[in-house]
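Written below as structure tokens is the structure these notes are about.
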Amino acid sequence: MMGEKRKIDARGSFCPGPLMELIAGMKAANVGDELEVLSTDKGSAADIPEWVKKVGHEILATTEENGVWHITVRKAK
Amino acid sequence: MKIVIVGGGMGGTILGNNLARRLHRELKTGKARITMLSASDKHMYQPGLLYVAVGSMMPDELYRDQASLLEPGIGFHVDPVETFMLDKRQVKTKSGAVHDYDILVIATGSRAIMQGIPGLAENAETFYTEETAVKMLKRLREFQGGRVVITVGVPHKCPMAPLEITFMLHDFFKERGMRDKVQLHYTYPIGRVHSLENVAKWAAPEFDRLGITYETLFNMKEVDGKNKVLKSEEGSSTKFDLLVAIPAHKGMEVVEKNGLGQNGWIPTNRTRLNMEGQENVFVLGDTTNLPISKAGSTAHFEAETLGENIAAMVKVGSAVRDYDGKVFCFIEAGKDRATYAMFNYTTPPDPKEPTRAVHWFKVAYNKLYWASARGLL
Ligand SMILES: Cc1cc2nc3c(=O)[nH]c(=O)nc-3n(C[C@H](O)[C@H](O)[C@H](O)COP(=O)(O)OP(=O)(O)OC[C@H]3O[C@@H](n4cnc5c(N)ncnc54)[C@H](O)[C@@H]3O)c2cc1C
């Protein structure tokens, strides 16, 4: 099943921050949806995958471009 | 120029008064008109609910008549909007009145949602409404000891509330001479005790010093009320005798129903504060989808930016400045010490050691708020 693709623009977000924005986005998403988080916090490259793995979703891609991290996650359950 | 403000809470009120001052001549001559449509004739100072829950403020201290807070030039109606007709530049209210606008501002706030987590509403105390805060106070007074678990929904409003209620509960039980009978356990959705890294760096050792335990990467999944167990999405569980929840929140139903934004969050331009795709519709406060703290100070700074910009649009036909993402939050570190965090889109906060002076400033602000809502501060 192809899910929807959505962007979460969490650039410049210190609080709640990119991971909290992703968790909120995941709650609103359906299984199969892909969420791309944009973050200017390099910590996101580590803490987003850690949470995604712990809960059992899926990381599809992590890239960095001009100081902005793009982390794409699929809601798996 | 017809300006319609939907919502008479923190954001709408500060903006309305700010605009009425800047445009007092235009209001007199009829070049501009400001209408405010709200759902209540009362204005609540929501931050006071935290103090109601621990018995240091009474609910009646949190309310003023909305009309008494507004500049005389503002046409105020207690008549909530039900339909947004953006293509016609009109809104329709509950009473059936239709208001035309040239500029629309949406500041309808958000609501706490306990229902999203099975068992939460039935088994947890919270303080996000007057009724629940009073109920929590009574429960705390009756509590004889045991394990108190603090749990945090996502997304939530007031990012400091989880830490503040925890420190305040520590002092509450200490003052009652029963801190040794109470185990305080704090849980938090991400991998540290607060989303602001510098605040987390300060709060974690503070928890250690006060004997407060904590678990991070903990997102509530369900509450087993029979066995008094809270389970997380991450697969762990924790027992409680008293569960205190910072509830998740959503924007208002009317926003969703009108298709303005999923879960009531309106897609908003981060610097101009207009609704995406709508040049003359502005959004502020809790109902934006911006990735910044849902707090009164956010609504306040956004309102100041919009006040300048909308007044300038009336006077010279152009906005004059960008919103920079500014947020200022006090952090109560117990019943008599506090610190604060100030940050924007580019600069993280650098909180200082809590002091009594900052706490007393917050206590004063709880009263000064009314001057701030009137636009005097
Ligand atoms: C327990 C608690 C503690 C908090 N502590 C702090 C703190 O310490 N510091 C801080 O900065 N912030 C704090 N906050 C957050 C702060 O109160 C909110 O972020 C702030 O009130 C948001 O302002 P707003 O204008 O967006 O919404 P609100 O102030 O909620 O106002 C919304 C307004 O919209 C009206 N409305 C609703 N629906 C309609 C409709 N259909 N038509 C017309 N009008 C409508 C309502 O009647 C209301 O007047 C706290 C909040 C809570 C609950």
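Points worth noting:
- Dimensions (Å) - chain B, Cα atoms, principal axes, largest first: 67, 41, 39
- Solvent-accessible area, 1.4 Å probe, carbon plus sulfur percent, for the protein assembly as shown: 51
- Calculated SAXS-style log₁₀ I(q)/I(0) at q = 0.18 Å⁻¹ - chain A, Debye, Cα scatterers: -0.62
- Around B:GLY145: net Lys/Arg minus Asp/Glu count, Cβ-Cβ under 12 Å: +1
- Of the trypsin sites (Lys or Arg not before Pro) found in the range B:320-353, the ones in coil according to DSSP and having at most 14 other Cβ atoms within 10 Å of their Cβ are B:ARG321, B:LYS352.
- DSSP-defined beta bridges in chain B - what % are antiparallel, rounded to 5: 50
- Delta accessible area of at least 50 Å² on complex formation, residues of the range B:125-159, 1.4 Å probe, chain isolated as reference: B:VAL154
- Alpha carbon centroid spacing (whole Å) that separates the range B:57-72 from the range B:94-128: 20
- Cα gyration tensor shape of the range B:189-264, rounded if a/c is under 1.5, else prolate or oblate by comparing a/b with b/c: oblate
- Helical contribution to [θ] at 222 nm, DSSP H n ≥ 4, -39,500 (n - 2.57), averaged over chain B, rounded to 500: -9500 deg cm²/dmol
- Radius 14 Å from Cβ of B:ASN198, net charge of other residues (Lys, Arg +1; Asp, Glu -1): -2
- Projecting label points 7 angstrom from Cα along Cα→Cβ for B:ARG374 and B:VAL316 puts them 3.1 nm apart.
- Multiplying the residue separation of B:LYS352 and B:GLU197 by 0.36 nm and subtracting their alpha-carbon distance yields 54.5 nm.
- Summed residue charge, Cβ within 13 Å of B:HIS300's Cβ, Lys/Arg positive, Asp/Glu negative: 0
- Long-range amide H partners of B:GLU82 with built H, under 5 Å: B:LYS92, B:THR93, B:LYS94
- Between B:LYS239 and B:GLU82, the C-beta separation translates, for a Förster distance of 35 Å, into a calculated FRET efficiency of about 0.20.
- Paramagnetic label reach from A:GLU50 (point 7 Å along Cα→Cβ; backbone nitrogen cut-off under 15 Å): within the range B:187-213, residues B:188-198, B:200-201, B:204.
- Segment B:GLN90-B:ARG139, length gained on full extension (0.36 nm per residue, minus Cα span): 13.0 nm
- Approximate spin-label separation B:ALA364-B:SER68, in nm, with each point projected 7 Å along Cα-to-Cβ: 2.3
- To the nearest ten degrees, helix A:44-55 and the longest principal axis of the Cα atoms of chain A are 30 degrees apart.
- Three-way shape label, the range B:150-230, alpha-carbon gyration tensor, a/c 1.5: oblate
- The mean accessible area for residues of the range B:96-140, using a 1.4 Å probe and ignoring ligands and nucleic acids, is 43 Å² per residue.
- Only the Cβ atoms of Lys and Arg (+1) and of Asp and Glu (-1) were treated as charged; on that basis the dipole of the range A:5-74 about its Cα centre amounts to roughly 180 debye.
- Interface size A-B, as summed buried accessible area [1.4 Å probe, Å², nearest 100]: 2000
- Prolate/oblate/rounded call for the range B:230-377, Cα gyration tensor, a/c under 1.5 rounded: oblate
- When the pairs B:LYS135/B:LYS201; A:LYS75/B:LYS231; A:LYS27/B:LYS92; A:LYS27/B:LYS239; B:LYS157/B:LYS315 are compared against a 29 Å limit on Cα-Cα distance, B:LYS135/B:LYS201; A:LYS27/B:LYS92; B:LYS157/B:LYS315 fall above it.
- When the GluC sites (Glu not before Pro) in the range B:180-289 are filtered for DSSP coil states and for at most 15 other beta-carbon atoms within 10 Å of their beta-carbon, the remaining sites are B:GLU276, B:GLU279.
- Listing of the range A:5-38 residues, each with accessible area lower by at least 40 Å² in the full protein assembly than in the chain alone (probe 1.4 Å): A:GLY12, A:PHE14, A:CYS15, A:MET20, A:ILE23, A:LYS27, A:ALA28
- Rel. contact order, % - alpha carbon contacts under 8 angstrom, at least six apart, chain B: 19
- Taking 0.36 nm per residue of separation and subtracting the Cα-Cα distance, full extension of the segment from B:GLU131 to B:THR216 would add 27.7 nm.
- Cβ-Cβ FRET estimate between B:ALA97 and A:VAL31, R0 fixed at 45 Å, reported to 0.05: 0.55
The values are calculated or read from the model by the stated rules, or taken from the named source; none is laboratory data. What you see is a predicted model, and the numbers here were worked out from it, not measured in a lab. Glycine also receives a Cβ, built like all others from the backbone with ideal geometry; neighbour counts cover every protein chain displayed. Protein only, heavy atoms only, side chains kept; ligands, DNA and RNA dropped before computing areas. Shrake-Rupley method; radii C 1.70, N 1.55, O 1.52, S 1.80 Å.
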